[in-house]
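Here the structure is laid out as structure tokens; the discussion comes afterwards.
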Amino acid sequence: MTSKAFSRKEFLSSAAWMSAGIAAGKFTSSAEKTTDSEPPVTDKILIKGGYVLTMDEWAEDLLSGDVLIEGDTISDVGKDLDSTDAEVIDASGKIVMPGFVDSHRHMWQGVLRNVLPNGELSDYMRVVTGEARSVFRPDDAYIGNLLSAISALETGVTTVLDWSHIGNSPEHTDSAIRGLRESGIRAVYAAGTGSDTPENRFPDDLLRVREEQIPDNDPLLTLAIGAGINQQQWELARSVNARISVHVNGTGDLLPLADYLGPDVTCIHCCKLLDEEWELLSEKGTGVSISAPVEMIMGHGVPPVMKVLEFGVSTSLSVDVETTVPSNMFTQMRSVLSLQRMLRLNAEELNQKESVELLTSRDVLKYATINGALHNGLDEITGSLNSGKRADLIILNPNQLNTVPLNDLYGAVVNGMDRTNVEMVMVNGEIKKWEGRMRYESMEDLIGRAVESRKGIYDRAGWRER
Ligand SMILES: [Zn+2]
């Protein structure tokens, strides 16, 4: 980052914004977007003149900044970078930021979207991990994963942890991994259990997956375990250098594993923990992944948006299940922001701690980017914009009907935007979405196969149309 960068203080002052003409971008409605320009093809790309939100601890935001990409890596972030031999993407009037990072999603359920809009946790266990999972074929897992990954990319998610409890057989597992690889998303494959079948090899199958499928933690696909609260499973994961991701729905469940918690563990939900458990998480540097919409709809308890702040526990966000919530991180960020502020602003009435600070839109954007990368074990690779990181970034267009005129950059992204503002998506230096359109060649085939897969699941499960 060059010394010409704006300091955070300068950046946040309205005078700096006004002089830089924050609202001066050209308005474009989605309907007008008829250009068919091709994305850059060279190995050296300069994204020029955007509002750069780095989300990086060491790199400041820039009101008019450039990001230089060489191959799969960000080689510089700063002002007026030299661009003599680079192809230029003009980002003036647009927001450039790291791609979103989802720290827990059951991607095999991509073909079961919205199947359970009103379901509680017990309905989910009966319908989704019960009836549906037991009739899933390996190909359904492949299509579910591929569809979930492609649509995640379309909404600006560049990294996702696939919490894959579709391990009905090794073939199911391998098919799910194939879906991830084909999508081109950066993924952590968290191998999990499956239906109770003779072919379910969890957790020992983790050793095979490490050896056969993910022998080294290739930067685009790394390995984790989708574990229970189970010492043997955690030890197995650590023996193959895999992170541990675990659902924690109960009260006091973590206490017996106190000695086994660490920064390589991510605990999901955590709506009912004792203060003693929160102290442990804080002390051990263990992060918490909050899936606020699902937790509120399905009855997991109150999402721990106050507790994480009270105890200083690192927080990321996760979609969890597309059976009930959408694929994007905008919904996640807004849910957490609304809920935390409601609880804090009514602290006395709701028996909450008044000393906890109010969340800001920038805080939740951090949850949705760099903190997700940290919880996925990838914070040195992705989650923020700085030289040396892999080129996982998005360009957002605020000059559209839902966010024009632009008044606050973080406000526009977190409070105002949706997937239609996501104009460009890059993973590992490769452009996946350009000028608002996905560059995935087999889209029609994918959608056809998803519809077919869904029909097969309905037939085999004996479901009627809902
Ligand atoms: Zn989950």
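The values are calculated or read from the model by the stated rules, or taken from the named source; none is laboratory data. In this text, all values refer to a predicted model and were calculated from it rather than measured experimentally. Don't worry about glycine lacking a Cβ; one is built from the backbone with ideal geometry, like all the others, and counts go over all protein chains shown.
Can you go through Ser282, Ser338, Ser355 and tell me which one is out of contact with any helix residue (DSSP H, G or I) (no Cβ under 7 Å at 6 or more places or on another chain), surrounded by fewer than 19 Cβ atoms within 10 Å (Cβ to Cβ) and part of a helix (DSSP H, G or I)?
Details: Ser282 fails: out of contact with any helix residue (DSSP H, G or I) (no Cβ under 7 Å at 6 or more places or on another chain); Ser355 fails: part of a helix (DSSP H, G or I).
Going through Ser282, Ser338, Ser355 in turn, just one is out of contact with any helix residue (DSSP H, G or I) (no Cβ under 7 Å at 6 or more places or on another chain), surrounded by fewer than 19 Cβ atoms within 10 Å (Cβ to Cβ) and part of a helix (DSSP H, G or I): Ser338.
Exactly one condition in (1) part of a helix (DSSP H, G or I); (2) within 24 Å of Cys267 (Cα to Cα); (3) without any contact (Cβ under 8 Å) to a residue 60 or more places away in the chain is not met by Ser175; state its number.
Of the numbered conditions (1) part of a helix (DSSP H, G or I); (2) within 24 Å of Cys267 (Cα to Cα); (3) without any contact (Cβ under 8 Å) to a residue 60 or more places away in the chain, the odd one out for Ser175 is (2).
Which ones in the stretch 207-240 are more than 22 Å from Ala149 (Cα to Cα), of a type in the set (A, V, I, L, M, F, W, C) and part of a helix (DSSP H, G or I)?
Result: Leu207, Trp234, Leu236, Ala237.
Looking at the stretch 183-206 only, could you name the residues that are over 17 Å from the mean Cα position of the chain (by Cα) and either assigned to a helix (DSSP H, G or I) or in the same structural domain as Gly388 (by TED's automatic domain parsing) (or both)?
At the first step, the residues of the stretch 183-206 found to be over 17 Å from the mean Cα position of the chain (by Cα) are 191-206.
Scanning the stretch 183-206 gives Asp205, Leu206.
For the stretch 54-140, please list each of the strands (runs of 3 or more DSSP E) lying entirely inside it that holds at least 1 residues being out of contact with any Pro (no Cβ under 7 Å at 6 or more places or on another chain) and surrounded by 19 or more Cβ atoms within 10 Å (Cβ to Cβ). Don't jump to the end; show me each part of the working.
Details: elements: 62-70, 73-78, 87-90, 95-98, 100-105.
Of the strands (runs of 3 or more DSSP E) lying wholly inside the stretch 54-140, those with at least 1 residues that are out of contact with any Pro (no Cβ under 7 Å at 6 or more places or on another chain) and surrounded by 19 or more Cβ atoms within 10 Å (Cβ to Cβ) span 62-70, 73-78, 95-98, 100-105.
Can you pull out the residues in the stretch 313-331 that are within 15 Å of the ligand (Cβ to nearest atom) and either out of contact with any helix residue (DSSP H, G or I) (no Cβ under 9 Å at 6 or more places or on another chain) or in contact (Cβ under 8 Å) with a residue 60 or more places away in the chain (or both)? Outline the logic, then answer.
Step one: of the stretch 313-331, the residues within 15 Å of the ligand (Cβ to nearest atom) are 316-325, 327.
Selection gives Ser316, Leu317, Ser318, Val319, Asp320, Val321, Glu322, Thr323, Thr324, Ser327.
So, in the stretch 425-461, of the ones that are assigned to a loop (DSSP other than H, G, I, E, B) and out of contact with any Asp or Glu (no Cβ under 8 Å at 6 or more places or on another chain), which residue ends up surrounded by the fewest Cβ atoms within 10 Å (Cβ to Cβ)? Walk me through it before giving the result.
Residues of the stretch 425-461 that are assigned to a loop (DSSP other than H, G, I, E, B), as a first pass: 428-429, 435-436, 439-442.
From what's left, out of contact with any Asp or Glu (no Cβ under 8 Å at 6 or more places or on another chain): 439-442.
Values: Arg439: 16, Tyr440: 18, Glu441: 8, Ser442: 12.
This residue is Glu441.
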